[in-house]
Amino acid sequence: MLTRVAVGAALLFVAVGPSHVLAQPRQTADALIGRWDLVVQRGTTTAPSWLEVERSGSATLVGQFVGSGGSARPIARIDVTDGTFRFAIPPQWESNPRDITFEGRLDGDRLTGSMTMGDGQTVTWSGTRAPRLRRAAPPVWGEPVTLFGGTTLDGWTPVGRGESQWRAEGGVLHNVKSGANLLTARTFDDFKLHLEFRVPKGANSGVYLRGRYELQVDDAAGLEPSSHHLGGLYGFIAPSENVARPAGEWQTMDVTLVGRMLTYTLNGTTVICNREIPGITGGAIDSAEGEPGPLLLQGDHGPVEYRNIVITPATGVR
């Protein structure tokens, strides 16, 4: 699943002295507003992350953050001093109870900075403005592509930690227990997706569009609608209603993704209608939102089954 981070500290503008005294801090704060695709550097490895900054009222910056795991987390306040911004967020799934602190600077359309974890470990990160992904015209749809033929895993690659537990048997793609995730060799930009899935009681999986945006798949029958349960874009968009079927029953997912705009029909009911995806969700393969990406099926949370996986890519615009 996924993770989100909060931005903390205060942004204060004191009305004393000539107006030019406030110009530089206010200008720096305004330039931070927007969405940022981040890359976190941990030694020789990298991990995707995401940050959104917006203004609350006349002077305070707030936002939300997504890390390499878990869901989006709110940022209560961002402090800007002498061109440096700082914030802190409480732990989400981290075992250490201390806050995670952030510090960074803006240089044109690029952010650089550091993040100190609750255990004192510090890592660096950098980021660029996230693309808007607004399409000038509706797409032209190509021919449907069957991604799973029912008998082999051709066209799919296990990724992540753990040994792959995926099996192709009787037209069904089985993940028998927690293990690796599964990724398509092909990548896609805009598309329509149809698939069917079945989860046992208490199970949890996810379908990552372009490998970056998780549609939660779990045993959610009878629960209140939530972005953290079936029908939701994890941590960002809740379904309009919960139409989940009981565990052990086959269910259908039909998705249209154009740029950032998502329409999602679950079991024949449209639960998300042309809503904008703000940014990557926890567990994303990368933060390169402007690039095509694969379809990823989450296998590291337990058993799940998929079948009839068909994608219709866009071939252009009208």
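The values are calculated or read from the model by the stated rules, or taken from the named source; none is laboratory data. Keep in mind that this is a model prediction, so the values were computed, not measured. A quick note on method: Cβ atoms are made from the backbone with ideal geometry, for glycine too, and the neighbour counts reach across all protein chains shown.
Brief remarks follow.
- Residue within segment 292-305 that is touching a Ser or Thr at 6+ places or on another chain (Cβ under 7 Å), part of a strand (DSSP E or B), assigned by TED's automatic domain parsing to the domain that holds E143 and more than 30 Å from W125 (Cα to Cα) present: yes
- Identity of the residue in segment 47-74, touching a residue at least 12 places away in the same chain (Cβ under 8 Å) and assigned to a loop (DSSP other than H, G, I, E, B), that ends up farthest from the chain's Cα centre (by Cα): A59
- Any hit, segment 283-299, residues being touching a His at 6+ places or on another chain (Cβ under 7 Å) and surrounded by fewer than 23 Cβ atoms within 10 Å (Cβ to Cβ): no
- Of all residues in segment 250-282, those being surrounded by fewer than 18 Cβ atoms within 10 Å (Cβ to Cβ), charged (D, E, K, R) and within 23 Å of Q64 (Cα to Cα) number 2.
- Scanning segment 162-203 for residues that are in contact (Cβ under 8 Å) with a residue 60 or more places away in the chain and assigned to a strand (DSSP E or B) yields a count of 18.
- Within segment 98-118, the set of residues being modelled with pLDDT of 90 or more and in a loop (DSSP other than H, G, I, E, B) comprises R98, D99, M117.
- Residue match in segment 139-157 (condition: without any contact (Cβ under 8 Å) to a residue 60 or more places away in the chain, touching a Leu at 6+ places or on another chain (Cβ under 8 Å) and farther than 20 Å from E196 by Cβ): yes
- Listed by first and then second residue, the pairs linking a residue in segment 267-286 that is farther than 19 Å from G211 by Cβ and in a loop (DSSP other than H, G, I, E, B) to a residue that is hydroxyl-bearing (S, T, Y) and modelled with pLDDT of 95 or more, with Cβ atoms under 6 Å apart and 6 or more places separating them unless they lie on different chains, are N267/T252.
- Residue match in segment 75-89 (condition: of a type in the set (K, R), in a loop (DSSP other than H, G, I, E, B) and at negative phi): no
- Filtering segment 113-134 to residues that are over 20 Å from the mean Cα position of the chain (by Cα) and either outside the structural domain of G63 (by TED's automatic domain parsing) or surrounded by fewer than 13 Cβ atoms within 10 Å (Cβ to Cβ) (or both) leaves D119, G120, Q121, T122.
- Residues located in segment 110-139, provided they are of a type in the set (D, E, K, R) and over 30 Å from E94 (Cβ atoms): R132, R134, R135
- Filter pass, G170 being in the same structural domain as I277 (by TED's automatic domain parsing) and either surrounded by fewer than 18 Cβ atoms within 10 Å (Cβ to Cβ) or touching a helix residue (DSSP H, G or I) at 6+ places or on another chain (Cβ under 7 Å) (or both): yes
- Verdict on R210 being farther than 18 Å from W250 by Cβ and out of contact with any helix residue (DSSP H, G or I) (no Cβ under 6 Å at 6 or more places or on another chain): yes
- Total residues in segment 49-94, condition crowded, with 19+ Cβ neighbours inside 10 Å, of a type in the set (D, E, K, R) and within 16 Å of G282 (Cβ to Cβ): 2
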